[in-house]
Amino acid sequence: MHVLPFLAVSAIVIVTPGVDMALVTKNALLHGRRAARATARGVNLGIFIWTLAAALGLAAVIAASAAAFTAIKLAGAVYLVYLGVRTLLGANYLGLVPAGT
């Protein structure tokens with residue numbers, strides 16, 4: 001059907017710098033090459049999984065089911081809050097960890 005145009009657009013989206021590139025760069029500057037590579041692998045794995053799901057029609061099923069879409073959005077939101085709290089605690093922005101520990 002339209003597999004070749006889909007793959008072409010997917011390839012362009014994958015190689016276009018964006019927020020993912022900023023995250024990889026940040027991790028490279030703060031934590032070194034190993035962290036940057038792990039971040040890049042995670043980004044590419046996520047892109048691969050989403051591309052595969054869309055190609056198999058899972059995206060259409062999720063789009064047709066409001067309940068499934070809401071569940072996925074809520075799971076993503078919970079995960080983002082978890083990452084944010086973990087980051088804040090790690091940076092001691094909240095002052096919950098005594099200095100020097």
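Structure summary
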quantity: The chain - percent of accessible surface contributed by carbon and sulfur, probe 1.4 Å; calculated: 74
quantity: Probe 1.4 Å, protein heavy atoms only - accessible area per residue of the chain in square angstrom; calculated: 81
quantity: Rounded tilt (10° steps) of 66-91 against the dominant C-alpha axis of the chain; calculated: 20
quantity: With DNA, RNA and ligands ignored, accessible area of S65 (1.4 Å probe; Å², nearest 10); calculated: 40
quantity: FRET efficiency, L4 to A68 (Cβ-Cβ, R0 35 Å, nearest 0.05); calculated: 0.75
quantity: Chain lengthening between I14 and A77 when straightened (0.36 nm per residue, less Cα-Cα); calculated: 20.4 nm
quantity: Projected label distance in nm at V61 and T25, using a 7 Å step from Cα toward the beta-carbon; calculated: 3.9
quantity: Expected 222 nm ellipticity per residue - DSSP helices of 4 or more, -39500 (n - 2.57), all of the chain, to 500; calculated: -27000 deg cm²/dmol
quantity: Hull volume in cubic angstrom per residue (convex hull over the Cα atoms of the chain); calculated: 123
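The values are calculated or read from the model by the stated rules, or taken from the named source; none is laboratory data. Please read all numbers here as calculations on a predicted model, not as lab measurements. Don't worry about glycine lacking a Cβ; one is built from the backbone with ideal geometry, like all the others, and counts go over all protein chains shown. SASA here: full protein model, heavy atoms, side chains in, ligands and nucleic acids out. Shrake-Rupley method; radii C 1.70, N 1.55, O 1.52, S 1.80 Å.
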